[in-house]
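Quick one: this structure, given as C-alpha cells, is what I'll be asking you about.
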Amino acid sequence: CFSQISKHNARLNAFIKVQNENVALEKAREADERVNKGVIKGALDGIPITYKDNFCTKELSTTCDFMSPFNATVVDLLQDAGAIMIGKTNMDEFGMGSANMYSAFGPAYNPHTIISDQKEPIDQEPRVAGGSSGGSAASVASGMCFASLGSDTGGSVRLPASYCGVIGFKPSYGQCSRWGLTAYASSLDTVGIITRNVLDAQLIYDIISKYDEKDSSSLSPKLRSINASLASFDKTNTNVTDLSKLRVGIPQEYYVFELSDPIKNLWKRGISLLRSYGATIVSVSCPSTRYALPAYYILAPAEASSNLARYDGVRYGHRSDMDSNQEEELLYVHTRSEGFGEEVKRRILLGTYTLTAGSYNDYFIYAQRIRKMVQSDFDSVFRRPNPLHLVKDETSPFYNRNNDEIFEISNQLRKENNGVDVIMTPVAISTSPKAKDSLSSSFLSNSSSCFSTDNTSIDDNRFVNAYVNDVFTIPANLAGIPAISVPFGISPIDGFPIGLQLMTQYGDEHTLFYISKVLE
Ligand code: GLN
C-alpha cells in the first residue's frame, strides 16, 4: 500500500494525511506475529485501511482544524478488529459536494486513467474522483489501501464509488454510529464503506454495525432484534443461478432525460442479467422521487447551517488572528469568512435563509413533507415491512406520532402491490466528469459570490446544476434505507466505470449484499 501511495498519490491527491510508515509497519509486524501464533485480534488483523478526513482519529488530525482526543466509535471498532489506519483521505469540505472539487486541499482525481487495464485507449484528460468521499474511493481503487470509511449524506460514497469502479455501500440510517463523524446534516449522515468487493464491505459492515449509546440516533437493541426477526429475501434453495423467488423493482421515475446512453444500456443489461437468473422484474413507481433532490437541498443546508455554528473560533476550528482590540462579533465574522470555503458559505446562507421565520413554512416544512412522501413511496413498494413502523416504540428517536397515518396508508399499498425485494437503478447520470468541466475551487474563489446582484455575467444556475449529479442517490438518504453502488461495466464511449445502485427496505442489508454479489 505504501509503495502504491508513493507511486500514485502525488497525482491523485487522495490523501490529506498519510500515516507514518514506520508506525503502520510496526503494527503490521505485530499483526503478522499474532497470525503466526494463531491468535488474531479480529477479522481485519493487519489490514491497511483509510478514513475520510471527517472521522475523528486520535493519531491524525481531522479536517476543520481538530486534533481529536478520541476516536470515532467506528474507528475504534475497526481498530479492535485489527485494522491499521494508513491515512486520512481527501474530501469536499464538510462533505458538501459531488466531485471533490470543493476540497480545501485541492481535488482528488480519478485513478482509472492511470491504472486501467482496458485494452481500448482511454481518455487521459484528468477526471474527478467524485465526492464527497473522493479520496476514499481513489485510495481503494488505486490499491493504496484495502478499504476506506467514507460518509454518505446524499450519495457521497456511492457516487465516487461509481466513478472510480469500486463498491460504495451506505447502510440504513442508525445502523452504524455517527459518534466522532463530523456532522454535516445529522438526520441524513451515515457512515459509508468503500471496498473492492461486496464481501469486504459486508465484513466491515458486520464489525461496525453496533448499537452505540453515544449516538442518539443509533438503532436500539430492541429495534435491532425486531429487524433481525423479519424475513429477508428467502435464500433457501436459491443460489446465484436461481433467483426465481426474487422480485426486482425498476422505478420508472429514474429513467430521466439527463441519463446518458451508456448508463441506460448498462441498466438494461443489469435487468437482463437478473432476469436470466429467474428474477421477476417489476416496473414500480416512486412518484415523489422528482421532488427528492430539491427537498434534500433545503434540508441538508438547513441542518448544516445549525451544525456548523460551532465553528466560531472559540469552541472549535480555525480562529482568525484579527486585531484583539476589535469587537468580539468581528472575531466570528473574520473566523468564519476565512475558515469556510465558498460552497460551505453558500450552504450556510441557504440553510439560514430557509430556517428564518418568513421562509420556514414555505421551504423547510414542505421539504420535510416531501421526505415523508419519499419514505412512504419506498414503504409501499418493498415486500418487506419497515421495522421502524411495526412497533410504536415511543422512546425511539425514530418515532413520530404524526407519521402513523401516512405509514398505515403505505403499509396498505405495500400489501396490495405484492412488493419487491430490491430496487435497481443507475447511481449517476454519467461517468466521471472531466475535472476541467467540474466546478473548480480556484475558479470559485476567483469569481464573486453567486448571490451577488451586481455581476450579471455569473450564471447562478451552474451551482445548482452541479447538484443534479445526486439525483439517484439522495432518495435513499431521505428514506434512511440501505443502498449500494456496484461497478457493472465500462462506458464504450470514454472507457470509465459505471455503477448500478441497489436499494432495499430499511434494515434489509442482507438482501442487498446477496444481490450485489450477483451483479459484481
Ligand atoms: N453531494 C451531496 C451534497 O453535496 C452529498 C454529499 C454527501 O453525501 N456528503 O450535499
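Every number here is computed from the coordinates shown, using simple stated rules; none is lab data. Bear in mind that the values here come from a model prediction, so they are computed numbers and not experimental data. Please note: Cβ atoms are built from the backbone with ideal geometry, for glycine as well, and neighbour counts cover all protein chains shown.
Sort largest first and round to whole Å: the equivalent ellipsoid semi-axes of region 171-305, each the square root of five times a Cα gyration tensor eigenvalue.
30, 24, 15
While we're on this one: For region 1-116, give the share of DSSP beta bridges that are antiparallel, in percent and rounded to the nearest 5; count only bridges with both residues there.
45
For the chain, what proportion of DSSP beta bridges, expressed in % and rounded to the nearest 5, is antiparallel?
Around 65 percent of the beta bridges assigned by DSSP in the chain are antiparallel ones.
Starting from the Cα of TYR360, step 7 Å along the direction of its Cβ; do the same at VAL35; then give the gap between the two resulting points in nm.
5.7
State whether the chain is rounded, prolate or oblate according to the following rule on the C-alpha gyration tensor (a ≥ b ≥ c being the square roots of its eigenvalues): a/c under 1.5 gives rounded; otherwise a/b larger than b/c gives prolate, and the remaining case gives oblate.
The shape class here is rounded.
Name all residues of region 166-183 having a backbone nitrogen under 15 Å from the label point set 7 Å from the Cα of LYS210 along its Cα→Cβ direction, giving them as ranges.
175-180
First obtain the Kirkwood hydrodynamic radius of region 168-220 from its Cα pairs, then insert it into the Stokes-Einstein equation at 25 °C and 0.890 mPa s, and state the resulting D in µm² per second as a whole number.
Roughly 214 µm²/s, to the nearest whole number.
If you don't mind, another one. Out of the GluC sites (Glu not before Pro) in region 218-323, which ones are loop residues according to DSSP with at most 13 other C-beta atoms within 10 Å?
Listed in order of number, the matching sites are GLU258.
Report, in debye and to the nearest 20, how large the dipole of region 333-389 comes out about its Cα centre when Lys and Arg carry +1 and Asp and Glu carry -1 on their Cβ.
For region 333-389, the charge dipole is close to 200 debye.
Sorted by average packing, counted as other Cβ atoms within 10 angstrom per residue and highest first, what order do 289-300, 126-137 take?
With the highest mean Cβ count within 10 Å placed first, the list reads 126-137, 289-300.
Starting from the Cα-Cα distance between GLN412 and HIS510, subtract it from 0.36 nm times their residue separation and give me the gain in nm to one decimal.
Additional length available on full extension: 32.8 nm.
Continuing with this model, one more query. Treat each spin label as a single point 7 Å out from the Cα along the C-beta direction, and report the SER272 to LYS345 distance in nm.
Those two pseudo-labels are separated by 5.1 nm.
With label points built 7 Å along Cα→Cβ from the Cα atoms of VAL23 and SER220, find their separation and express it in nm.
Reported label-point gap for VAL23 and SER220 is 4.0 nm.
Taking +1 at the Cβ of each Lys and Arg and -1 at the Cβ of each Asp and Glu, which of SER3, GLN375, LEU266 sits farthest along the dipole of the chain towards its positive end, judged by Cα position relative to the Cα centre?
Going by the charge dipole, the pick is LEU266.
Taking 0.36 nm per residue of separation and subtracting the Cα-Cα distance, what length does fully extending LEU199 through THR352 add?
Additional length available on full extension: 50.9 nm.
Taking the Cα centre of the chain as the origin, how large is its charge dipole in debye, to the nearest 20, when only Lys and Arg (+1) and Asp and Glu (-1) carry charge on their Cβ atoms?
With Lys and Arg at +1 and Asp and Glu at -1, about 1320 debye.
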